[in-house]
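J.: If you scroll down you'll find the structure; I have some questions about it.
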Amino acid sequence: METLLSVQDLKTYFYTGDGPIKAIDGLSFDLIKGTVFGLVGESGCGKSVTALSIMRILPPAGKTVSGKIIFKGDDLLGKTEVEMRGIRGGEISMIFQEPIASLNPIFTIGYQIEEAILSHLKVSKRESKKRVVELLKAVGMPSPEIRVKDYPHQLSGGMCQRVMIAMAMACEPSLIIADEPTTALDVTIQAQILDLLRKIREESGTSMIMITHDLGIIAEVADSVAVMYTGRIVESTDTKTIFRDPRHPYTIGLLDSLPKGKGEKLVAIPGMVPKPSELPEGCKFSTRCRYVIEECQSSEPPLKEIDTGHWVRCIRAGEIKRL
Ligand SMILES: Nc1ncnc2c1ncn2[C@@H]1O[C@H](COP(=O)(O)OP(=O)(O)O)[C@@H](O)[C@H]1O
Ligand SMILES: [Mg+2]
């Protein structure tokens with residue numbers, strides 16, 4: 001098992017006037033080469049900021065203040081901007097939530113995929129044109145030879161996401177970061193895009209970080225998973241274990257709020273994610289936790305390995321079971 005990416009004690013803060021907003025506060029995880037690592041949590045928990053930190057494309061107010069992002073043995077935080085440009089789209093590519101907004105409206109999709117190829121690979125114009133058609137075929141675009149001339153607005157959301165995936169695959173990256181790639185799409189299209197990502201992973205062995213608020217998607221595509229809350233990991237393990245033996249009350253809450261069969265009631269997690277400026281002392285989930293005891297409010301529990309490869313940030317992890 002080779003580690004492709006190792007994020008170590010990452011801290012990314014936003015500076016917006018009154019004090020830093022600690023969006024990511026001590027995040028660590030390893031991605032094993034050839035696997036899909038899922039990052040899951042409610043909106044605002046820091047999933048996208050994690051992706052933007054890895055790609056080093058944070059908005060101006062955001063800064064990674066400490067930590068390491070070791071990719072293929074090198075710390076990405078030590079790279080120059082020029083070096084990062086070679087890595088983005090070449091070694092690591094990203095797929096975003098809004099496929100239409102991520103494409104340039106004034107260029108054809110063929111042109112945009114070709115640009116992605118030519119900016120990283122030394123191939124002839126003719127070869128790159130051929131590759132564009134192959135890529136579009138691989139992502140399931142019907143009549144790719146004709147569709148290369150389409151502009152983004154001529155395609156559906158699902159087709160635009162296929163184009164984005166083709167662009168992400170253009171330079172055969174070692175890592176694809178997919179940030180809620182199906183959230184903006186209809187359910188049936190969602191399933192098709194997930195199938196496509198699974199196929200890519202099987203056929204090309206590309207490693208992936210799958211970011212989602214939906215544990216159902218984790219179940220379908222991820223090998224291992226980290227559950228995030230307020231910019232930290234609260235539980236991480238392999239996908240089977242997270243469903244069979246979840247131990248953090250937040251993970252249990254997410255599982256209980258998953259839609260089940262007809263007639264069964266959804267149980268939402270009470271309350272809201274606290275604002276980064278209003279985090280409680282001690283365990284950050286203590287304000288919403290039904291297992292909370294006094295001790296939880298005094299100091300933040302560390303991530304503890306309760307079983308091989310199963311890490312939980314909860315002092316009561318040993319006694320908690322999902323009913
Ligand atoms: N541009 C920004 N300016 C200030 N704070 C931001 C900005 N983007 C994100 N944040 C902060 O980072 C937190 C995590 O955001 P994000 O990673 O986008 O969450 P999500 O898990 O929904 O992707 C937000 O709750 C917010 O407090
Ligand atoms: Mg997000």
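J.: Go through segment 207-221 and count every residue that is open to solvent by 10 Å² or more (accessible area, probe 1.4 Å) and more than 15 Å from ligand 2 (Cβ to nearest atom).
T.: Count: 4.
J.: Residues of segment 163-175 being open to solvent by 10 Å² or more (accessible area, probe 1.4 Å) and in contact with a Pro (Cβ under 8 Å, 6 or more places away or on another chain), which ones?
T.: Answer for segment 163-175, where residues must be open to solvent by 10 Å² or more (accessible area, probe 1.4 Å) and in contact with a Pro (Cβ under 8 Å, 6 or more places away or on another chain): just M164.
J.: Just one of V65, V36, V49 is within 13 Å of ligand 2 (Cβ to nearest atom) and among the hydrophobic types (A, V, I, L, M, F, W, C); which is it?
T.: Among V65, V36, V49, only V49 is within 13 Å of ligand 2 (Cβ to nearest atom) and among the hydrophobic types (A, V, I, L, M, F, W, C).
J.: If you don't mind, another one. Return the pairs, sorted by first residue and then second, in which the second residue is small (G, A, S) and more than 15 Å from ligand 2 (Cβ to nearest atom), the first residue lies in segment 176-196 and is part of a loop (DSSP other than H, G, I, E, B) and open to solvent by 10 Å² or more (accessible area, probe 1.4 Å), the beta carbons are less than 8 Å apart, and the residues are 6+ apart or on different chains.
T.: Here the result reads A184/G157; L185/G157; L185/G158; D186/G157; D186/G158, each pair linking segment 176-196 to a residue that is small (G, A, S) and more than 15 Å from ligand 2 (Cβ to nearest atom).
J.: Given the structure, is R322 in contact with a Leu (Cβ under 7 Å, 6 or more places away or on another chain) and in a loop (DSSP other than H, G, I, E, B)?
T.: Values: in contact with a Leu (Cβ under 7 Å, 6 or more places away or on another chain): yes; in a loop (DSSP other than H, G, I, E, B): yes.
For R322, the condition - in contact with a Leu (Cβ under 7 Å, 6 or more places away or on another chain) and in a loop (DSSP other than H, G, I, E, B) - is met.
J.: Limited to segment 144-175, what total is found for residues that are polar (S, T, N, Q) and either in the same structural domain as I57 (by TED's automatic domain parsing) or not in a helix (DSSP H, G or I) (or both)?
T.: 2
J.: Please work out which residue is nearest to ligand 2 (Cβ to nearest atom), limiting yourself to segment 97-150 and to residues that are among the hydroxyl-bearing types (S, T, Y) and either within 25 Å of T212 (Cα to Cα) or under 28 Å from the mean Cα position of the chain (by Cα) (or both).
T.: S102
J.: Whether any residue in segment 264-283 is basic (K, R), open to solvent by 40 Å² or more (accessible area, probe 1.4 Å) and not in a helix (DSSP H, G or I) is what I want to check. Please lay out each step first, then the result.
T.: Quick first cut of segment 264-283, residues basic (K, R) only: 265, 275.
With the extra rule that they be open to solvent by 40 Å² or more (accessible area, probe 1.4 Å), the set shrinks to 265, 275.
Still in the list and also not in a helix (DSSP H, G or I): 265, 275.
Looking through segment 264-283, at least one residue is basic (K, R), open to solvent by 40 Å² or more (accessible area, probe 1.4 Å) and not in a helix (DSSP H, G or I).
J.: Turning to a different aspect of this structure: Pairs please, first residue from segment 248-273 and assigned by TED's automatic domain parsing to the domain that holds C289 and within 16 Å of ligand 1 (Cβ to nearest atom), second anywhere and of a type in the set (S, T, N, Q) and part of a loop (DSSP other than H, G, I, E, B), Cβ atoms under 9 Å, 6+ apart in sequence or on different chains.
T.: I269/S257; G271/T287; V273/S43; V273/T230
The values are calculated or read from the model by the stated rules, or taken from the named source; none is laboratory data. As the structure is a prediction and not an experimental result, all values here were calculated from the model. Counting neighbours? That spans all protein chains shown, and the Cβs are built from the backbone with ideal geometry, glycine included. With ligands, DNA and RNA removed, areas are computed over all heavy atoms of the protein, side chains included. Shrake-Rupley method; radii C 1.70, N 1.55, O 1.52, S 1.80 Å.
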